[in-house]
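A quick write-up on the structure given underneath.
The values are calculated or read from the model by the stated rules, or taken from the named source; none is laboratory data. These numbers were taken from a predicted model, which means no experiment stands behind them. Neighbour counts run over all protein chains shown; Cβ positions are idealised from the backbone, glycine included. Surface accessibility is based on the protein's heavy atoms, side chains included, excluding ligands, DNA and RNA. Shrake-Rupley method; radii C 1.70, N 1.55, O 1.52, S 1.80 Å.
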Amino acid sequence: PVGPPAEKDAGRRRTGRPVRGGGAPGAASTDRSARPQRPNQRSRRQMVGRDEIYNGAQGRNRKRRVSSRKGAKTQLTRPAAHKRVVRVDGTISVGELAKAMSVKGNEVLAKLIQLGVMCTLNQQIDAETCALVATEYEYEIKDVAFDEDEVLSSAQSDAEIEKDPDALPRSPIVTVMGHVDHGKTTLLDHIRNAQVAAGEAGGITQHIAAYRVKAKDGNELVFLDTPGHAAFTAMRARGASITDLIVLVVAADDGVMPQTVESINHARAAGVPLIVAINKLDKPGVDPERIKQELTKYNLVSEEWGGETMFVNISALKGTNIDALLEALALQAEILELKANPKKEAFGTVLEARIDKGRGSVCTIIVQEGTLKSGDYVVTGQSYGRVRALIDDRGKRIKEAGPATPVEVLGLNAIPAAGDTFHVVANERDAKKVVSRRDTQARAAVMDNSRRTDAGVDLLAAMGKPAAQRKAFILKTDVAGSLEALKATINDISNDEVEVHFIHTGVGQVNESDITLAQAAEATVLAFNVGADAKAKRAADQAGIKILTHKVIYEIVDLVKDLLSGMLTPDIVESFLGRAEVRAVFSIKTGQVAGCYVQEGKILRNARARVFRGGNKVYEGKLITLKRFKDDVREVNSGYECGLSIDGYKEIAEGDIVEVFELKEVRRKLGDS
């Protein structure tokens, strides 16, 4: 039943619509005001009153209006000044620089070309170049690269040493230089009462050796013995760069030789005083005055002749005038007033490095400044380590090595290159930082070199010029100095047609990994003064790889020359065989046959022939038929008659001259013009 009117009105909405189900007593109320509302729930009227998307009852079903931004310009925001900074770790690629500045890579390349820098997106550029480009875009470059100078101490200049109150007199470093077999090592043998020359392969010194010698007056001298062979130019140059005095040994019976002149040039380039020792005076008939006369061509004039160069006549074998030579060196060293600070961190140069069984990496160094102690952390090249032991030139273990002291160092993690400088650092962390930085730079340099080489090969191919053939080598030596000298010498053998490519070089025995690499790269294994371990020999036998082992540098260089010469394109050489005169022409079924008389040499079947008429060449082809009477023959000598025919030529006439020759391939050798 329908309720009273008051209840009906209460059950109606304000819109005039009745509530569903009416307002019957006992029925559940459907009035929205009676329902519990959810949080944040708003009524329709509230939504209509507050939101502009509705317009009374008519806008109930209208969609929300969204303002359109189509066609609006993009607003470019400029970073704040503190954000316009690009951090560069020494170098950065062009692409990375462009990305850091939010600029297209091609724009940065265009800027670099305007600055005269030709590069690609992947090529590394230094911080200075980056700064020039970044300025155009109002960016700042901050170089955050690790600075070695903050960790490593540098060598003092002469002016700094003079002002240093801790600087003390030191022993002079003397380098003995000269041509091969002029007696350098024999001289040092006599000075230090040792027998070194007898143990040298081929009778020549192939390493740099350092000795500390005490003269009669009590002064100490440090001697460096450098090899005399032409292949060790870099080693001699390294000796000249760390020395205070140079003794130029010239054999009186041999005179001035190529390496003698080279040693003079190294001494001049280094600005080092030079004393000439004329050796082998014990040989009969030698004339020291002749040597003095020859050396005047190189501005080395004896003091006796009014010059400034000291000359000492000696016999290294007999020990004649050795004391006079030491006195001359001590006098010259006194004039130089050599000093060094023993209290600063040690600094010096690597002379040699090798792998020793049981001791690991052994590095021969000479301390130039400071004092090196056991337990110090050392960085040299891309190697580092803590000094486990110091061994002097007599084989004794010492606790420290002061300025101008040659010493062997044990404890490095790898083999450094001969000629690298070594520095003492505070701790292992600094040492690792320096080596890590150098490794990164070395890898970047190799990649850059590789890209340039490949580009050069592509350019040659595009020009129609064939690229040089490569011969791959793996080189192992006993010490780092020999490795350096051999690499330089063998690389010089290359020319435009063939070139040497070292896929791996190292110090120590040939091992199994070397053989595996040689097999994969089809490389030749060269071993200088070292052998191969058992695993390497077994692997080489299985792979059919021959390990070429030599103890004298002449032999290994000649071997490489022969291997590269076999890759050269042979020369085609024409060899004259004989000449014949045509006296009659006969026609047969197969063509024409010329009846000839052999005037000179011999005529060979299948050789090349030229036909001359009136002194002019009219045809050239292959001699296909050669007969004596009715018989086919291989050759006919001078003074005999024969019948012959030339392939493709049917116009031969009486009176023609036929010259016969052959083409031979002649193997070329490197160095031939």
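Tell me the Kirkwood radius of segment 556-654: reciprocal of the mean inverse pair distance over distinct alpha-carbon atoms, in Å.
Details: mean 1/r = 0.0653 Å⁻¹.
About 15.3 Å for segment 556-654.
Tell me the Kirkwood hydrodynamic radius of segment 292-434 in angstroms, computed as one over the mean inverse distance between distinct C-alpha pairs. Walk me through the intermediate numbers first.
Numbers: mean 1/r = 0.0568 Å⁻¹.
So the Kirkwood estimate lands at 17.6 Å.
Would you mind listing how long segment 276-373 runs along its three principal axes, going by Cα atoms, in whole Å with the largest first?
51, 36, 26
What percentages, rounded to whole numbers, describe P(r) for segment 598-673 computed over all alpha carbon pairs with 10 Å bin width beginning at zero?
All Cα pairs, binned at 10 Å, distribute as 18, 46, 22, 11, 4, 0 percent.
Using a 1.4 angstrom probe with every protein chain in place, what is the largest-first accessible-area order of Lys432, Lys99? Each step should come with its number before you reach the end.
Numbers: Lys432 100, Lys99 165 Å².
Ranked list, largest accessible area first: Lys99, Lys432.
Filter the trypsin sites (Lys or Arg not before Pro) in segment 357-428 to those in DSSP coil with at most 12 other Cβ atoms within 10 Å of their Cβ, and list the result.
Passing both the DSSP loop test and the Cβ count: Lys357, Arg394, Lys396, Lys399.
Go ahead and run the numbers for FRET between Ala269 and Arg386, Cβ-Cβ distance against an R0 of 56 Å, rounding to 0.05.
E(calc), rounded to 0.05, equals 0.95.
Give the lysines reachable from Lys142 as a straight Cα distance under 26 Å; neighbours fewer than 8 places away on the same chain don't count.
Partners within reach: Lys83, Lys99, Lys104, Lys111, Lys432, Lys433.
Starting from the Cα of Lys546, draw a straight line to each of the lysines and keep only those under 21 Å, dropping any in the same chain fewer than 8 residues away.
Partners within reach: Lys471, Lys476, Lys487, Lys535, Lys537, Lys561.
How about Lys373: which aspartates and glutamates have a C-alpha closer than 20 Å to its C-alpha, ignoring those fewer than 8 places off in the same chain?
Asp166, Glu345, Glu352, Asp392, Asp393, Glu400, Glu408, Asp420, Glu428, Asp430
By accessible area of protein heavy atoms, probe 1.4 Å, what ranking do Glu128, Glu220 get, highest first?
Details: Glu128 125, Glu220 60 Å².
Result of the area sort, largest leading: Glu128, Glu220.
Write out the trypsin sites (Lys or Arg not before Pro) in segment 623-673 meeting two conditions: DSSP loop, and at most 16 other Cβ atoms within 10 Å of their Cβ. Intermediate results must be reported in sequence, preceding the final value.
Details: sites: Lys627, Arg628, Lys630, Arg634, Lys650, Lys664, Arg667, Arg668, Lys669; in loops: Lys630, Arg634, Lys650, Arg667, Arg668, Lys669.
Listed in order of number, the matching sites are Lys630, Arg634, Lys650, Arg667, Arg668, Lys669.
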